[in-house]
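Here is the structure we will look at.
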Amino acid sequence: LGTSCGTCHDTDHVDPPGLMEAKTRKAAEDEVTACDGISEAASFEDEEPQFLQNNKEAALQAVRKNGYSLGFVSRQLQNDPEVVLAAVQHNGLALEKASPALRNDKEIVLAAVTRSPWALEFASQEMQDDRDVVVAACLKDGNALQFASQELRRNSELLIDLAARHAECLKWAGQELMYSKRFWVQVVKRDGRALRYAPPVFRKDRDVAIFALRKYGLVLSCLSEELRDDERVVKAAVARHGAALQFASLRLRRSKEIVMEAVLQNASSLRYAAPEYRTDPEAMAAHGFSEERAKNGK
């Protein structure tokens, strides 16, 4: 499975294991407070727990305060659409406590994944293979794709569309797509940043790299050392984002042609050039021209 490049600057990226730990920790905390939620919602001083578990009104009050309270009601109420819907609308992960029948109910599952995309893990296999449900989850968090059916994870059209919004879903693409050059070309033509999720074989592929760099020059940081020393590749990068010069090889940061291209695109790129260019008349002239153009909004 492809992984993101460690040198890429992506503040939206979240490591799946970390997300899983956070989800598990949050679930544990919610379960601890769920009992209190039920007690507060019921407020029946003389009632027995069994009565509370089978009391729909008390259950509704409880799950509206804490969705995980669904785990403390009777199986009959865990199979009640109104109670379960109220629970997942508060906390989508409460879907785990719903009956198998309701984990296969599209309305309830959609409500759950819209609230908490990772609730897709607890949906039925049929719902994990439902495109509407999977898209709803992945539009909130691309990492939810890991819980989708294998068939949907192999759907190139779906993944290309999702990747344009949440590129992290690409980590969970089926193996057939993960190692398909055609697929990655289509993906990076829409969003060059997505290349950071490609397997190493495509981060050192010149063709794929150039398509990506034409959309997002800074993805040069994720390419192989060989490509960061490739004139055609680096030119494509700095033409799109002059600051990509910082990720080029030392040899190309000493190339006048490359430096001028970068500085003309972004005046501040001069700082990434070899030291001798910071006093070079032509480079300084290009720097001044680029700054003036930026001021004039051109």
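How would you rank 58-69, 174-185, highest first, on the average number of other Cβ atoms within 10 Å across their residues?
Highest-to-lowest ranking by the protection proxy: 58-69, 174-185.
Roughly to the nearest percent, how much of the accessible area of region 49-154 is carbon and sulfur, given a 1.4 Å probe?
Details: 2030 of 4630 Å².
Here it works out to 44 percent.
At a 1.4 Å probe radius, carbon and sulfur cover how many percent of the accessible area of region 156-286?
That fraction is 46 percent.
Taking only protein heavy atoms and a 1.4 Å probe, what accessible area per residue, in Å², does region 49-204 have with all protein chains in place? Before the final figure, lay out the partial values.
Values: 6740 Å² over 156 residues.
Accessible surface, normalised per residue, equals 43 Å².
For region 105-236, what ratio Rg/Rh do Cα atoms give with a Kirkwood hydrodynamic radius?
That ratio is 1.07, to two decimals.
The values are calculated or read from the model by the stated rules, or taken from the named source; none is laboratory data. Remember, predicted model here, so these are calculated numbers, not experimental data. Virtual Cβ from ideal backbone geometry, glycine too; neighbours counted across all protein chains shown. When the accessible area is computed, the model is the full protein with side chains, heavy atoms only, and any ligands, DNA or RNA have been set aside. Shrake-Rupley method; radii C 1.70, N 1.55, O 1.52, S 1.80 Å.
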